[in-house]
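K.L.:
Quick one: this structure, given as structure tokens, is what I'll be asking you about.
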Amino acid sequence: RFCLPFMLASLPAMAAGEEITPALQDSWGDFWLFRFFVNAAGYASIVVPGFLLIQYFKRRNYLETGRGICFPVIKSCVFGSEVKSVHQDDGSLPPRAEPTESSTARQVLKLLFCAAGLQASYLTWGVLQERVMTRTYGATDTDPGEKFKDSQFLVFMNRILAFTVAGLYCALTKQPRHGAPMYKYSFASLSNILSSWCQYEALKYISFPTQVLAKASKVIPVMMMGKLVSRKSYEYWEYLTAALISVGVSMFLLSSAPNRTVSTVTTFSGIVLLAGYIIFDSFTSNWQDALFTYKMSPVQMMFGVNVFSCLFTVGSLLEQGALLESLHFMARHSEFTAHAMLLSVCSACGQLFIFYTINQFGAAVFTIIMTLRQAFAILLSCLIYGHTVTVVGGLGIAVVFMALFLRVYARSRMKKRSKKLPPGETPVQKV
């Protein structure tokens, strides 16, 4: 009975032609594939009963027959108001603030504030993410220390703070009347949890620069998901930039450094986890895009998704007994507690900066800032954690970011052209 787990645990290392990494040496129970199925089983224990209840209320025609104190809650969760906006733009984003009476200096200060907030939030988040997942805590001269292994707990920490921040924001500010059935957020929530889990888990097997480049290349599966889920069509320049990104990422991944250590080796497990992250994240963005046909603000979307994220993660953690184990780890290592809390704060603040930046300056400016952030993140990770990048790998990084900036430029040109189109014509949809 021990042969099958051992073979499963050794598959990634054999496929990559490398020795088993320390993350797989502890026990087969720590192998990522086993943990993935255990987590998925925990989510299924909540999703399946919820699905059966939804089908039950719909078959009973509960809107006409239901009464009592639970009726408003069930109506909101299962049916909603079912009133969609005529145009997706009506509910997807609030109208961008126009700088009517603001001076140029004021706008520059706002832009610098947004850029600094986004860079500080996500650069700190990236550095801490790599620190938590790849380094030990409590190491001394005689004790090597221990690593934190439960990625799901970090996802839970991020989501509980994001849920709190979004809830307070919705309570203190005026929001559109909510009409979407609450259960529809659960699909984006589940894929968002799994993408975040894959993102954290992948750092046990690959370097942070590799992960950043993989995130930059997710535009390709997003386009594929857009065709499958939303039946979107794309311009020639979108296919061109997607191809350039693929070439750049391939150059980086296939380049070999002479002094690579185990921590910077790209393993088969890391590639699979990155693929999982990209697939789940692509589904999340497309499903949220479809949900915005209901009239809602981005903060309402953030609140709805994180409600289910907290429910799924805390339920799975309690079923596995991992919640208490992670809390005990926090009690043993105060440094980890500070890192986990700061990680959550950066994640929540970063989301608020995203909404504010898009509202003030539009999606193009936001994309440029975040593209620069990815480049800075690679540089910062190499400086702090000593990752090596070859000349070919550096050229690959340059190709990727050149394609990203080309994409932003082409999209802005297309938007200017679409404003000049005759009233009857509509431009091709973009991602």
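The values are calculated or read from the model by the stated rules, or taken from the named source; none is laboratory data. Treat the numbers as computed from the prediction; the structure is a model and nothing was measured. Glycine also receives a Cβ, built like all others from the backbone with ideal geometry; neighbour counts cover every protein chain displayed. Each accessible area value is taken on the protein alone, full model and side chains, heavy atoms only, with ligands, DNA and RNA left out. Shrake-Rupley method; radii C 1.70, N 1.55, O 1.52, S 1.80 Å.
K.L.:
Would you tally the residues in segment 200-221 being touching a Lys or Arg at 6+ places or on another chain (Cβ under 8 Å) and open to solvent by 10 Å² or more (accessible area, probe 1.4 Å)? Walk me through it before giving the result.
P.N.:
As a first pass, look at segment 200-221 and keep what is touching a Lys or Arg at 6+ places or on another chain (Cβ under 8 Å): 201, 219.
Imposing the further condition that a residue be open to solvent by 10 Å² or more (accessible area, probe 1.4 Å) reduces the set to 219.
Of the residues in that region, 1 qualify.
K.L.:
Is there a residue in segment 181-192 that is touching a residue at least 24 places away in the same chain (Cβ under 8 Å) and assigned to a loop (DSSP other than H, G, I, E, B)? Outline the logic, then answer.
P.N.:
Let us first name the residues in segment 181-192 that are touching a residue at least 24 places away in the same chain (Cβ under 8 Å), namely 181-192.
Next, from what is left, pick out any that are assigned to a loop (DSSP other than H, G, I, E, B): 181.
Yes, segment 181-192 contains a residue that is touching a residue at least 24 places away in the same chain (Cβ under 8 Å) and assigned to a loop (DSSP other than H, G, I, E, B).
K.L.:
Return only the number of the condition from (1) touching a helix residue (DSSP H, G or I) at 6+ places or on another chain (Cβ under 9 Å); (2) open to solvent by less than 60 Å² (accessible area, probe 1.4 Å); (3) free of Cβ contacts under 8 Å to residues at least 12 places away in the same chain that Ser326 does not satisfy.
P.N.:
Among (1) touching a helix residue (DSSP H, G or I) at 6+ places or on another chain (Cβ under 9 Å); (2) open to solvent by less than 60 Å² (accessible area, probe 1.4 Å); (3) free of Cβ contacts under 8 Å to residues at least 12 places away in the same chain, Ser326 violates only (3).
K.L.:
What pairs can you find where one residue is in segment 42-69 and farther than 12 Å from Ser186 by Cβ, the other is of a type in the set (Lys, Arg), and their Cβ atoms are less than 8 Å apart, with a gap of 6+ or different chains?
P.N.:
Note: pairs meeting the criteria are Tyr62/Lys75; Leu63/Lys75; Gly66/Arg60; Gly66/Lys75.
Yes or no, residue by residue, for (1) of a type in the set (Asp, Glu); (2) at pLDDT 85 or above; (3) under 21 Å from the mean Cα position of the chain (by Cα); (4) not in a helix (DSSP H, G or I):
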residue	(1), (2), (3), (4)
Val365	no, no, yes, no
Val399	no, yes, no, no
Leu406	no, no, no, no
Met414	no, no, no, no
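K.L.:
Okay, next question. How many residues are hydroxyl-bearing (Ser, Thr, Tyr) and part of a helix (DSSP H, G or I) if we restrict to segment 119-151? Let's see the steps before the verdict.
P.N.:
Keep residues of segment 119-151 that are hydroxyl-bearing (Ser, Thr, Tyr), which gives 121-122, 124, 134, 136-137, 140, 142, 151.
Among the residues that remain, those that are also part of a helix (DSSP H, G or I) are: 121-122, 124, 134, 151.
Matching residues across segment 119-151 total 5.
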